[in-house]
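Input: a single structure, listed below in structure tokens.
A short reminder: the numbers here are calculations on the coordinates, not readings from a lab. Note that the coordinates shown come from a computational prediction; the quantities given were computed from them, not determined experimentally. Here the Cβ positions follow ideal geometry from the backbone for every residue, glycine too, while neighbour counts run over all protein chains shown.
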Amino acid sequence: MPKSQSFCDKHEAMNEQRKADYKASLNHQSQTDSGKQVRKDHQAYYNHVKRDPEANTFYHTKQWQTIRDYVYSRDMATCQVCGNAVTDRKIVDHIHPLKASNEERLSQDNLWTLCYRCHNIKTNLEMKIADKDNGNTVLKHAKREWWQKIIKERLK
């Protein structure tokens, strides 16, 4: 049995089918009314309990929604790191985060489209960097290319 294989040949095909069925069920759940409601409820909870109130107010402004829609269209609904299509929600991310560079909050040059996976990787890295002594300075000056390289390394 090859190292990359978890099961014997007889059961490997069954395992691959199980994985495919699971992925299909996740996709189906996100398309159902109840799946959409669960996601909507989670987002409402996040906005109310976890997100910084000032950021939450900003993300509900017409200015933000207009620039977000523009950047999403400019990037052709494609993650600017991994190249995957971003279809379920418009995730437009600040290259230099709001907390580090509020003056760039509506700058097209500071915005890009990311998929959930790349956005989660970047957000986790931002939190770790922000905790360091000069963290906000690092985040304020991090380049798009640097982020692409760092995120791609973690996708492997």
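In table form, for the structure just shown:
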quantity: Over 19 Å between alpha carbons, listed pairs K99/K128; K62/K143; K122/K143; K99/K122; calculated: K62/K143
quantity: Local electrostatic count, T113, Cβ distance below 15 Å [Lys/Arg +1, Asp/Glu -1]; calculated: +2
quantity: Cα Rg over Rh - region 61-130, Kirkwood; calculated: 0.95
